[in-house]
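Notes for the one structure printed next.
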Amino acid sequence: MGPFPCVLTLELNQSGEMMSTQLWLHWQQNSDGTDALRWCLRESGRHETRLQALQTGDFEHFDSVVRGLSLSDLEAVLLIDGTELVTRFLPFEPSEKKHLAELLPFALESHLAVDLDNVQVAINVPSAASDATGRVAVTAYMDAGILAARIDALEQSGLRVAAVYALPALLPASIDRWVIQEDSSQEDSSQGDSSRTWHINAPGALCASIEPELLVLCIERLLASPQTVRPTVVQAHSSDGLPEALASVLQTAGIEVEMVSGSTQHPWACLQTGGFSSVNLRQGALAPPLRLQRYWRPLRGPVCMAMLVFCAGLAMTLTETALDRQRLSALNDRIEQRYRDVMPEGMLVDAAQQLRSQVNQLSSGLSGSGITEMLAGTAPVFASHNQVRMHSLDFSFSAVTAAPELQMSISAPTAADILALGEQLTSSGWHAQAMNIMRSGDYHQASLLVRGKSL
């Protein structure tokens, strides 16, 4: 059989419905220790599922098919034969839901013949169905190393292993409807003939792959167990019909048998995920990593272009900034040189900074006073004291008090007039202080300091 064709992972069917494509792969081990693989592409939508014909071969053939076609990053579902793992339905309390992942592996230990340290244990998420029965499905793969090696081999081929299921767990069964399927397409190369295996899914009771000679015995024991919910229907997928012994057992138990011929449809046509027994083994240490590559690939071109534009703009900005600094430094050097030519012994100051300081002193601040505000505020007070004369006036900004100051030299006929002026300025909201009062002829002279509001 030729290799399957290359398809996109998303496409539309004839009715316009979105279809997603997966690669379903069944990996089993023959009795001689060799691996046998079966695979097909599965296209599924909301109302339709299409499967291509099964192909078989060893891993080398499968790997050559995958690598020879553009199937990289295709999502794969790995199916494991029921003989390679153990599925049990263990009871749980509603209060234990948050801790099932830690508790149930130890409850499963009595059903295993190996140590838990090398066993991959996965549980199904408790749902309404599991709450109704008080049980939850737990699956254990005997050798976690083998399972990890299989997943790694598939991902090395370019596939994305999204889920790992036991094949019988995907049979569409319910509590009152068991499903059994004859899998006659498996071939055991060591025996050289067709080795027919029966997959059975009896939710809450059994989920396994069983040899033909043990099938009737398992069904009898399940029906005889008082803890098993007896089904009303057993759906059987077989091309040759049920074994007579099994048909007799089901008839005696009064259970309806619904036969589905496997010769007219795909052997995996009935498989579906999301059932009561389907447990994804990709949990815990084998959980799939975050797949950033599928988001990065379509955005790689625009992101790289945006990064190039950003880097180019940043480089231009840095270059212009460096050139401006060089021009400013050269201008300062020329200014300093010109100043030295005119005043060789003069003190070099920062003219711009000096100008800014003078402007700050002469202008009003956020909540302070400038020279204009101080003169406008003190002038009416001086007008009411016409006997006081002002001889000099100086304005400065105090770095200690962070306030503007007026220093005045005044004179008056008496010292009382000078003190009265200071008191009226203080009562008007200014800080006035008369200092160095002394008599000079018929007048008294003093220095008056008027401090405005701090900036």
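The values are calculated or read from the model by the stated rules, or taken from the named source; none is laboratory data. All figures in this text were calculated on a predicted structure; none of them were measured in a lab. Positions of Cβ are backbone-derived with ideal geometry, glycine not excepted, and every protein chain shown enters the neighbour counts.
Annotations
- In the stretch 252-281, the residues that are assigned by TED's automatic domain parsing to the domain that holds Cys40 form Cβ pairs under 9 Å with partners that are part of a loop (DSSP other than H, G, I, E, B) and charged (D, E, K, R), at six or more places apart or across chains, as follows: Ala253/Arg230; Gly254/Arg230; Ile255/Arg230; Gly262/Asp240; Ser263/Asp240.
- Some residue of the stretch 82-91 being loosely packed, with under 15 Cβ neighbours inside 10 Å and either modelled with pLDDT of 75 or more or aromatic (Phe, Trp, Tyr) (or both): yes
- Count of the stretch 425-455 residues which are outside any loop (DSSP other than H, G, I, E, B) and closer than 19 Å to Ile371 by Cα: 10
- Residue ID - farthest from Ala446 (Cα to Cα), chosen from residues in the stretch 379-425 that are β-branched (Val, Ile, Thr) and more than 60 Å from the chain's Cα centre (by Cα): Val381
- Residue pairs whose Cβ atoms lie under 6 Å apart, separated by 6 or more positions or on different chains, with the first residue in the stretch 154-181 and outside the structural domain of Gly275 (by TED's automatic domain parsing) and at positive phi and the second buried (at least 22 other Cβ atoms within 10 Å of the Cβ) and in a strand (DSSP E or B), do not occur.
- One residue stands out in the stretch 396-424 among those that are closer than 14 Å to Leu375 by Cα and in contact with a Gly (Cβ under 9 Å, 6 or more places away or on another chain): the one that is surrounded by the fewest Cβ atoms within 10 Å (Cβ to Cβ), namely Glu405.
For every residue, the table says whether it meets (1) in contact with a strand residue (DSSP E or B) (Cβ under 6 Å, 6 or more places away or on another chain); (2) more than 25 Å from Val86 (Cα to Cα).
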residue	(1), (2)
Ser248	no, yes
Ile255	yes, yes
Ser261	no, yes
Thr273	no, no
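- When we screen Pro267, Pro226 for residues that are assigned to a loop (DSSP other than H, G, I, E, B) and at pLDDT 85 or above, the only hit is Pro226.
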